[in-house]
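Engineer: Before I ask anything, let me first share the structure, which is written out below as structure tokens.
The values are calculated or read from the model by the stated rules, or taken from the named source; none is laboratory data. Computed from a predicted model, the values in this text were never measured in an experiment. For neighbour counting, all protein chains shown are included, and Cβ atoms are generated from backbone atoms with ideal geometry for every residue, glycine included. Just the protein is used for accessible areas: all its heavy atoms, side chains included, with ligands, DNA and RNA removed. Shrake-Rupley method; radii C 1.70, N 1.55, O 1.52, S 1.80 Å.
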Amino acid sequence: MKNFRMLINADDKIGHINRELYGHFSEHLGRCIYGGIYVGENSDIPNIHGIRKDVIDAFKQIKMPVLRWPGGCFADEYHWQDGIGDKSKRKKMVNTNWGGVVEDNSFGTHEFMELCELVGCEPYIAGNVGSGTVQELSEWIEYMTFDGISPMSELRRANGREKPWKLKYLGIGNENWGCGGNMRAEYYLDKYRNFQTYCKNYSGNQLFKVACGPGGGGEYWYQWTEVLMKNLNKDQVNAISLHTYNVPNWEHKGSATDFTTDEYYTIMDLANYMDTLITRHTEIMNRYDPENKIGLIVDEWGNWFDVEEGTNPGFLYQQNTMRDALVAALMLNIFNRHSKRVIMANIAQVVNVLQAIILTEGEKLVKTPTFHVFDMYKAHQDAECIYCHSQNVNLCEGKHVPMVSSSASVKDGVMTITLANCSLDESAEISCDICNFDAKTVSACILSDEVHTYNSFDEPEKVSIKPYEATLSGGRLTVELPACAVVTLTING
Ligand code: AHR
């Protein structure tokens, strides 16, 4: 066992944790939308207008704040008018990015907006810049948000929706340096300026415009951020995005469930790199925007492994173990600590794709260890992140894998501390001094198991949240973190 001192200072506020830091991403990819979220009205699986009820309930359980759609790479090939009106007449298209399967467009704007309404989350639409037109995106906004008389609002009414929806988050393209058009930063910048001009605020709706930002770290990507920040003013952009996945090697990504300790450390090292990435991009943003008006949105993040054996390689279906839970825990702690600049983050992807929080098979549904971490962290939403620092050790020479990951926040007189012990074989005793907060009682819960453990359709509850113990005496908190564990402490003042 290792002993660590920790210090929390409730008076030292680091940033407001927007609830959107706990956001999600859904793409027309594999079984994310079809089968995962949407089964159609005639399905035997309980649904509301085709949307799975069990999925809605699960999304509500974690207080899902925002859902990004329809891509991903799919977004820059998506023509929204194909996905409205009579379903039997909707155009069928080929999903060129993801397995070349037929996309029948039965899940479109109305279905997505209804899903968000049922869950109670903000919709975040990614517009088509790569293969779409300025007019097409402009009309989509008009279709969704205009309350008056116009061709698009009339079309929406003819399709059964009288009142406009509220749409806040709008991405102007996705990965336009890659699948979204292979553009250079300067070219995308001009495209962005052009497209955003015609994305209007109708009927009291206020768009929050997100430009396609960098895809990682290194000079190329820092330059991308620099070009955007230097040439966009605050009336044109509200945030820039950052995408990054934990992939050791794109040719051999490795198995989601069968991995060595060395492979485990590699993924943890990549996950911890998020801290450096955000720090470096934030430094550039600070130079052009010291007042912090433009946010950073990490709207795709997570582990990317080889697909499960026997599944379509274009569907990106992978299992989810305690390793994924630790990655989620430490990355969410990083986002909390950077909440001054990072205003949203969306894990990829929500159901059946990559580091999914939910897996489905027919009518069965499994909540993955990553789901449970979102459940354990939800009290951070809309709280104030406060100073929290722990003594630490690095677990692997040549890599950056701190044993303990932590963050803390306060909301409505309640302090939430989230901790992860990333060691696979050693427990950690944390002895924490809490300053400027009258800590009266503590309760705790834990997610812990051997690192390869996962929830299957036969054993859906194998990894689950359990009650836990911590002690509080004279302002000092003591808790033991077993190896490979995520712990949430709730302290009432
Ligand atoms: O999430 C899978 C893909 O990863 C998305 O479509 C794309 O934006 C990213 O490269």
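Engineer: When you scan segment 63-104, how many residues do you find that are charged (D, E, K, R) and part of a loop (DSSP other than H, G, I, E, B)?
Structural biologist: At the first step, the residues of segment 63-104 found to be charged (D, E, K, R) are 63, 68, 76-77, 82, 86-87, 89-92, 103-104.
Right, trim to part of a loop (DSSP other than H, G, I, E, B) and you get 63, 86, 90-92, 104.
Count: 6.
Engineer: Let me ask another. Search segment 154-201 for residues being touching a Pro at 6+ places or on another chain (Cβ under 9 Å) and part of a loop (DSSP other than H, G, I, E, B), and hand back the single one that is most open to solvent (accessible area, probe 1.4 Å).
Structural biologist: Checked segment 154-201; the qualifying residue most open to solvent (accessible area, probe 1.4 Å) is LYS166.
Engineer: Just to verify a result, which residue in segment 224-249, among those that are at pLDDT 95 or above and in a loop (DSSP other than H, G, I, E, B), is nearest to the chain's Cα centre (by Cα)?
Structural biologist: We begin by selecting, within segment 224-249, every residue at pLDDT 95 or above; these are 224-232, 236-247.
Filter once more, so that each one left must be in a loop (DSSP other than H, G, I, E, B): 232, 236-238, 247.
Numbers: LEU232: 25, GLN236: 24, VAL237: 21, ASN238: 18, VAL247: 17 Å.
The selected residue is VAL247.
Engineer: Any idea which of (1) under 16 Å from the mean Cα position of the chain (by Cα); (2) more than 17 Å from THR488 (Cβ to Cβ); (3) away from the ligand (no atom under 16 Å from the Cβ) is the one GLN349 doesn't satisfy?
Structural biologist: That leaves (3) as the condition not met.
Engineer: Out of curiosity, is GLY302 open to solvent by less than 10 Å² (accessible area, probe 1.4 Å), under 21 Å from CYS73 (Cβ atoms) and either in a loop (DSSP other than H, G, I, E, B) or within 16 Å of the ligand (Cβ to nearest atom) (or both)? Show your work before the answer.
Structural biologist: On the way: open to solvent by less than 10 Å² (accessible area, probe 1.4 Å): yes; under 21 Å from CYS73 (Cβ atoms): yes; either in a loop (DSSP other than H, G, I, E, B) or within 16 Å of the ligand (Cβ to nearest atom) (or both): yes.
Yes: the conditions hold for GLY302.
Engineer: Now a separate question. For segment 250-260, does any single residue satisfy the condition of being surrounded by 19 or more Cβ atoms within 10 Å (Cβ to Cβ), assigned by TED's automatic domain parsing to the domain that holds ILE358, within 21 Å of the chain's Cα centre (by Cα) and over 20 Å from VAL451 (Cβ atoms)?
Structural biologist: No - not one qualifying residue is present in segment 250-260.
Engineer: When segment 1-45 is examined, which residues are found to be free of Cβ contacts under 8 Å to residues at least 12 places away in the same chain and either open to solvent by 60 Å² or more (accessible area, probe 1.4 Å) or under 27 Å from the mean Cα position of the chain (by Cα) (or both)?
Structural biologist: GLU41, ASN42, listed by residue number.
Engineer: Go through (1) in contact with a strand residue (DSSP E or B) (Cβ under 8 Å, 6 or more places away or on another chain); (2) of a type in the set (Asp, Glu); (3) surrounded by fewer than 21 Cβ atoms within 10 Å (Cβ to Cβ) and name the single condition GLU309 misses.
Structural biologist: (1)
Engineer: Something else: Out of the residues in segment 49-87 that are among the small types (Gly, Ala, Ser) and either at positive phi or more than 21 Å from the chain's Cα centre (by Cα) (or both), which is nearest to the ligand (Cβ to nearest atom)?
Structural biologist: GLY72
Engineer: Please find, within segment 415-442, the residue that is most open to solvent (accessible area, probe 1.4 Å) out of those that are touching a helix residue (DSSP H, G or I) at 6+ places or on another chain (Cβ under 7 Å) and hydrophobic (A, V, I, L, M, F, W, C). Steps first, please.
Structural biologist: First, the residues of segment 415-442 that are touching a helix residue (DSSP H, G or I) at 6+ places or on another chain (Cβ under 7 Å): 416, 418, 420, 422, 424.
Filter once more, so that each one left must be hydrophobic (A, V, I, L, M, F, W, C): 420, 422, 424.
Details: ALA420: 0, CYS422: 2, LEU424: 52 Å².
Top of the filtered list is LEU424.
Engineer: With a cut-off of at least 3 residues that are buried (at least 24 other Cβ atoms within 10 Å of the Cβ), of a type in the set (Phe, Trp, Tyr) and without any contact (Cβ under 8 Å) to a residue 24 or more places away in the chain, name the strands (runs of 3 or more DSSP E) lying wholly within segment 352-400.
Structural biologist: Working: elements: 358-361, 364-367, 384-390.
Result: empty, no element qualifies.
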